[in-house]
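Engineer: I am attaching a structure below and will ask some questions about it afterwards.
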Amino acid sequence: MFGDTPRALALVSIYSPPDEYLLRHTHTTLAVCRRQGEEVLVVIDAKSILSAVAIVPFPFIVGGYDEQYFVVEKIGLDVLEVHDDEGDGDDE
């Protein structure tokens, strides 16, 4: 609460810019970033959030860095589409 006004807040972590080589050579498909630690945690107004992404561990060492992550937009929607394509026969 700020004064008498309730507000929704979100704690977000700022990651490094994506690895330029991977981004360029995958036609902006693979964005691999590094976590920058607790010193770049930021509290923001939840209403300012435009979209959400998943930050998934990247299993390879790139540029000599381990513990990197790649960005996934719309995570879970592809699973939903696969499930819908399989069908269970109950719709007929």
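The values are calculated or read from the model by the stated rules, or taken from the named source; none is laboratory data. Note that this is a predicted model, so its numbers are computed, not measured. Cβ atoms come from the backbone with ideal geometry, glycine included; neighbour counts cover every protein chain shown.
Engineer: Collect the residues in region 1-22 that are closer than 17 Å to A54 by Cα, surrounded by 10 or more Cβ atoms within 10 Å (Cβ to Cβ) and of a type in the set (A, V, I, L, M), keeping them in residue-number order.
Structural biologist: A10, V12, I14
Engineer: Now, a different point. Quick check: anything in region 66-73 modelled with pLDDT under 90 and of a type in the set (S, T, Y)?
Structural biologist: No; the residues of region 66-73 include none that is modelled with pLDDT under 90 and of a type in the set (S, T, Y).
Engineer: Consider region 1-44. How many of its residues are outside any loop (DSSP other than H, G, I, E, B) and on the phi > 0 side of the Ramachandran plot? Please lay out each step first, then the result.
Structural biologist: Pass one, region 1-44, residues outside any loop (DSSP other than H, G, I, E, B): 2, 5, 9-13, 15, 20-25, 32-35, 38-44.
Cutting the leftovers down to on the phi > 0 side of the Ramachandran plot gives us none.
Final tally of qualifying residues: 0.
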